[in-house]
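J.: One structure coming up, written as structure tokens, with questions to follow.
The values are calculated or read from the model by the stated rules, or taken from the named source; none is laboratory data. Computed from a predicted model, the values in this text were never measured in an experiment. Methodologically, a virtual Cβ is constructed for each residue, glycine included, from the backbone with ideal geometry; neighbour enumeration extends over all protein chains shown.
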Amino acid sequence: MIKPSVYIKDLSKHVGEEVILKGWLYNKRSSGKIKFLIMRDGSGYVQCVVVKNNVDDNVFEIADKITQESSFEVKGKVREEKRAIGGYELDVIDLKLISLSQNYPITPKEHGIEFLMDNRHLWVRSKKQVAILKIRHRIVKAIRDFFDSRGFVLFDPPIITPNACEGTSTLFEIDYFDLGKAYLTQSGQLYAESGAMALGKVYSFGPTFRAEKSKTRRHLTEFWMVEPEMAFYDLDDNMDLAEEFLEYIVQTVLEERREELKELERDTSKLEKVVRPFPRITYDEAVEILRKNGVDFQWGNDFGGGDETIISEQFDKPVMVHRYPAEVKAFYMKRDPQNPKLALAVDVLAPEGYGEIIGGSQREDDLETLIQRIKEHNLPQEYFEWYLDLRRYGSVPHSGFGLGLERTVSWICGLEHLREAIPFPRMIYRNTP
Ligand code: 4AD
Ligand code: MG
């Protein structure tokens with residue numbers, strides 16, 4: 001048998017038993033004739049205690065020469081030890097070195113961020129990164145569980161597309177054989193709309209791409225987005241769903257990833273507050289907030305990162321800002337019948353200065369109006385004929401939104417930068433390793 005007999009996270013079920021663990025050396029301490037080896041196996045951490053007089057000489061030799069991140073196998077007896085990392089310890093009977101690691105570059109001392117990013121393939125082994133990646137995984141599962149249990153069908157849009165969705169300025173272009181230019185998708189939304197007309201309620205969940213020239217802590221060029229799209233939902237229904245969705249994600253992570261949040265020293269009292277109802281304010285009210293806070297803000301502009309921070313700092317829950325000037329929003333958004341200068345759009349801004357995590361809207365469902373919008377945005381109508389068909393054949397009011405996964409991970413984990421919220425971040429100045 002090559003695979004371990006037990007994983008570290010399950011040690012509580014094996015107290016008093018002999019087990020075989022396999023993993024890597026996280027850290028090592030010595031105290032005379034005792035060596036303390038901290039093993040990590042991905043599932044957790046455990047201190048393995050090697051006592052010179054209790055083991056063969058060659059076992060003690062291995063304990064002596066083993067280095068950080070060497071892989072090894074350990075046989076030992078499990079003992080409860082409240083003060084130890086993970087709550088259990090292993091009294092070592094036998095050790096086998098699998099592969100000696102030499103000069104592991106990431107040592108316990110401080111390293112600069114560029115060095116860590118260059119070594120991202122190794123950096124993911126460190127405790128904080130492991131905690132973040134486990135929380136990311138739990139968020140992804142919460143997202144799927146939420147929609148799967150509410151009658152939504154997963155609907156996967158293509159990644160190679162012939163047209164823009166969120167404006168032409170951030171498209172990644174590729175050469176597509178004899179068919180000429182194609183683009184990496186910025187959003188699966190337009191395709192999800194066709195799914196909603198077929199299946200009622202759908203969601204897409206996958207990587208999306210933006211050739212963002214902005215070098216900020218909130219922008220990646222490749223990020224994951226989940227996009228629900230619902231037939232017969234108006235903007236209010238859409239906001240109700242977004243609110244329930246965010247509450248569910250945050251509360252699930254609080255329940256299921258306490259240990260990891262603690263490892264990240266996250267102030268969870270801030271997350272406990274993320275329960276419905278969330279404040280809902282109009283764009284106009286958000287502009288008022290900015291002006292009261294001394295920002296010389298011009299009505300009609302979009303909010304910048306700094307503006308979003310000021311607005312969200314007024315609340316201790318996510319805030320939903322709705323009804324934006326149509327001019328700053330995408331072509332597909334429906335106008336407010338009460339005021340056609342406004343789009344039936346909603347952005348959800350996370351608390352603690354994390355900015356926009358959700359963007360959504362009610363969609364334009366009238367054929368002629370949508371054709372007009374495509375013209376106004378100088379988009380090539382021939383590429384949107386299929387999309388217009390959704391308005392030709394049984395058009396209905398419908399809505400949806402997109403949640404950025406990395407921004408959500410970053411907020412829930414309390415990270416400073418999106419680059420730690422994804423295994424291998426892609427940014428304007430980085431596409432390696
Ligand atoms: O607001 P956005 O651009 O909306 C859309 O793409 C719509 N088509 C979604 C929909 O209605 N189905 O993007 C949605 C979210 C943002 O709120 C943000 O969380 C994230 O995607 N996002 C980014 N995350 C990381 N890096 C970037 N460059 C991002 N751009 C958007
Ligand atoms: Mg947006």
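J.: Filter segment 407-433 down to residues that are closer than 20 Å to GLU227 by Cα and in a helix (DSSP H, G or I) and give me whichever is nearest to ligand 2 (Cβ to nearest atom). Spell out the reasoning first.
T.: We begin by selecting, within segment 407-433, every residue closer than 20 Å to GLU227 by Cα; these are 407-412, 418, 421-422.
Of the ones still in play, those that are also in a helix (DSSP H, G or I) are 407-412, 418.
Values: ARG407: 11, THR408: 14, VAL409: 17, SER410: 16, TRP411: 15, ILE412: 19, LEU418: 15 Å.
Step by step, filter segment 407-433, then rank; the result is ARG407.
J.: Here's another thing I want to ask about it. Consider GLU247 against the criteria (1) touching a residue at least 40 places away in the same chain (Cβ under 8 Å); (2) away from ligand 1 (no atom under 15 Å from the Cβ): it satisfies all of them except one. Which criterion is unmet?
T.: (1)
J.: Kindly indicate whether any position in segment 143-150 is within 16 Å of ligand 1 (Cβ to nearest atom) and either of a type in the set (Gly, Ala, Ser) or closer than 30 Å to THR107 by Cα (or both). Spell out how you get there, then give the answer.
T.: So in segment 143-150, the residues within 16 Å of ligand 1 (Cβ to nearest atom) come out as 143, 146-147.
Imposing the further condition that a residue be either of a type in the set (Gly, Ala, Ser) or closer than 30 Å to THR107 by Cα (or both) reduces the set to none.
No: segment 143-150 contains no residue that is within 16 Å of ligand 1 (Cβ to nearest atom) and either of a type in the set (Gly, Ala, Ser) or closer than 30 Å to THR107 by Cα (or both).
J.: Among the residues that make up segment 298-309, is at least one of them in contact with a Phe, Trp or Tyr (Cβ under 7 Å, 6 or more places away or on another chain), crowded, with 23+ Cβ neighbours inside 10 Å and touching a residue at least 12 places away in the same chain (Cβ under 8 Å)?
T.: Within segment 298-309 (the criterion being in contact with a Phe, Trp or Tyr (Cβ under 7 Å, 6 or more places away or on another chain), crowded, with 23+ Cβ neighbours inside 10 Å and touching a residue at least 12 places away in the same chain (Cβ under 8 Å)), the answer is no, since none of the residues qualifies.
J.: Determine which member of the set TYR332, TYR383, TYR354, TYR393 is within 15 Å of ligand 1 (Cβ to nearest atom) and farther than 20 Å from TYR203 by Cβ. Talk me through it step by step, then tell me what you get.
T.: Values: TYR332 fails: farther than 20 Å from TYR203 by Cβ; TYR383 fails: within 15 Å of ligand 1 (Cβ to nearest atom); TYR393 fails: within 15 Å of ligand 1 (Cβ to nearest atom).
Testing whether each residue is within 15 Å of ligand 1 (Cβ to nearest atom) and farther than 20 Å from TYR203 by Cβ leaves just TYR354.
J.: Still on this model: Please work out which residue is farthest from ligand 1 (Cβ to nearest atom), limiting yourself to segment 358-371 and to residues that are closer than 22 Å to ASN301 by Cα and free of Cβ contacts under 8 Å to residues at least 60 places away in the same chain. Explain how you work it out, then say what you get.
T.: First, pick out the residues of segment 358-371 that are closer than 22 Å to ASN301 by Cα: 358-364.
Subsequent filtering for residues that are free of Cβ contacts under 8 Å to residues at least 60 places away in the same chain retains 359, 364.
Values: GLY359: 2, GLU364: 13 Å.
Across segment 358-371, the extreme among qualifying residues is GLU364.
J.: Restricting attention to segment 194-202, does a residue exist that is surrounded by 14 or more Cβ atoms within 10 Å (Cβ to Cβ), within 12 Å of ligand 1 (Cβ to nearest atom) and not β-branched (Val, Ile, Thr)?
T.: yes
J.: Right, something else. Scan segment 366-406 for residues that are in a helix (DSSP H, G or I) and among the polar types (S, T, N, Q) and jot them down.
T.: The answer is THR369, GLN372, GLN381.
J.: So, restricting to helices (runs of 4 or more DSSP H) that lie completely within segment 108-208, which ones have at least 2 residues that are acidic (Asp, Glu)?
T.: The helices (runs of 4 or more DSSP H) meeting that bar are 113-118, 127-148.
J.: Given the condition touching a residue at least 60 places away in the same chain (Cβ under 8 Å), within 16 Å of ligand 2 (Cβ to nearest atom) and in a loop (DSSP other than H, G, I, E, B), answer yes or no: does some residue in segment 277-288 qualify?
T.: no
J.: Select, from GLU173, GLU89, the only residue that is of a type outside the set (A, V, I, L, M), under 30 Å from LEU379 (Cα atoms) and in contact with a strand residue (DSSP E or B) (Cβ under 6 Å, 6 or more places away or on another chain).
T.: Testing whether each residue is of a type outside the set (A, V, I, L, M), under 30 Å from LEU379 (Cα atoms) and in contact with a strand residue (DSSP E or B) (Cβ under 6 Å, 6 or more places away or on another chain) leaves just GLU173.
J.: Moving to a separate point now. Might you let me know whether segment 25-42 holds any residue that is surrounded by fewer than 17 Cβ atoms within 10 Å (Cβ to Cβ) and assigned to a helix (DSSP H, G or I)?
T.: Taking every residue of segment 25-42 in turn, none turns out to be surrounded by fewer than 17 Cβ atoms within 10 Å (Cβ to Cβ) and assigned to a helix (DSSP H, G or I).
J.: Still on this model: Find the residue count for segment 114-134, including only residues that are among the aliphatic types (A, V, I, L, M) and without any contact (Cβ under 8 Å) to a residue 12 or more places away in the chain.
T.: Of the residues in segment 114-134, 1 are among the aliphatic types (A, V, I, L, M) and without any contact (Cβ under 8 Å) to a residue 12 or more places away in the chain.
J.: Can you say whether VAL74 is hydrophobic (A, V, I, L, M, F, W, C) and either in the same structural domain as LYS128 (by TED's automatic domain parsing) or without any contact (Cβ under 8 Å) to a residue 24 or more places away in the chain (or both), as far as the supplied structure shows?
T.: For VAL74, the condition - hydrophobic (A, V, I, L, M, F, W, C) and either in the same structural domain as LYS128 (by TED's automatic domain parsing) or without any contact (Cβ under 8 Å) to a residue 24 or more places away in the chain (or both) - is not met.
J.: A further question on this structure: Can you find a residue that is hydroxyl-bearing (Ser, Thr, Tyr) and modelled with pLDDT under 95 anywhere in segment 259-273?
T.: No.
J.: Let me confirm something: among GLU243, GLU227, GLU260, which residue is closer than 26 Å to LYS128 by Cβ and within 18 Å of the chain's Cα centre (by Cα)? Step through it out loud before you land on a result.
T.: Numbers: GLU243 fails: closer than 26 Å to LYS128 by Cβ; GLU227 fails: closer than 26 Å to LYS128 by Cβ.
On inspection, the qualifying residue turns out to be GLU260.
J.: Taking the residues in segment 153-170 that are more than 18 Å from LEU390 (Cβ to Cβ) and at pLDDT 95 or above as candidates, determine which candidate is nearest to ligand 2 (Cβ to nearest atom).
T.: That would be ILE159.
J.: Please go through segment 249-267 and pick out each residue that is part of a helix (DSSP H, G or I) and crowded, with 17+ Cβ neighbours inside 10 Å.
T.: Selection gives ILE249, VAL250, THR252, VAL253, GLU260, LEU261, GLU263.
J.: Here is a follow-up. For segment 121-139, state whether one or more residues are aromatic (Phe, Trp, Tyr), out of contact with any Lys or Arg (no Cβ under 9 Å at 6 or more places or on another chain) and farther than 19 Å from ILE38 by Cβ.
T.: no
J.: Can we say GLU229 is surrounded by 14 or more Cβ atoms within 10 Å (Cβ to Cβ), assigned to a strand (DSSP E or B), in contact with a Lys or Arg (Cβ under 8 Å, 6 or more places away or on another chain) and in the same structural domain as VAL140 (by TED's automatic domain parsing)?
T.: Against the criterion (surrounded by 14 or more Cβ atoms within 10 Å (Cβ to Cβ), assigned to a strand (DSSP E or B), in contact with a Lys or Arg (Cβ under 8 Å, 6 or more places away or on another chain) and in the same structural domain as VAL140 (by TED's automatic domain parsing)), GLU229 qualifies.
J.: Oh, and also: Just to be sure I understand the filter: pairs with C-beta atoms under 6 Å, separated by 6 or more residues or on different chains, first member in segment 17-31 and among the basic types (Lys, Arg), second member buried (at least 20 other Cβ atoms within 10 Å of the Cβ). Which pairs pass?
T.: Pairs that qualify, where the first residue is among the basic types (Lys, Arg) and the partner is buried (at least 20 other Cβ atoms within 10 Å of the Cβ), are LYS28/LEU37.
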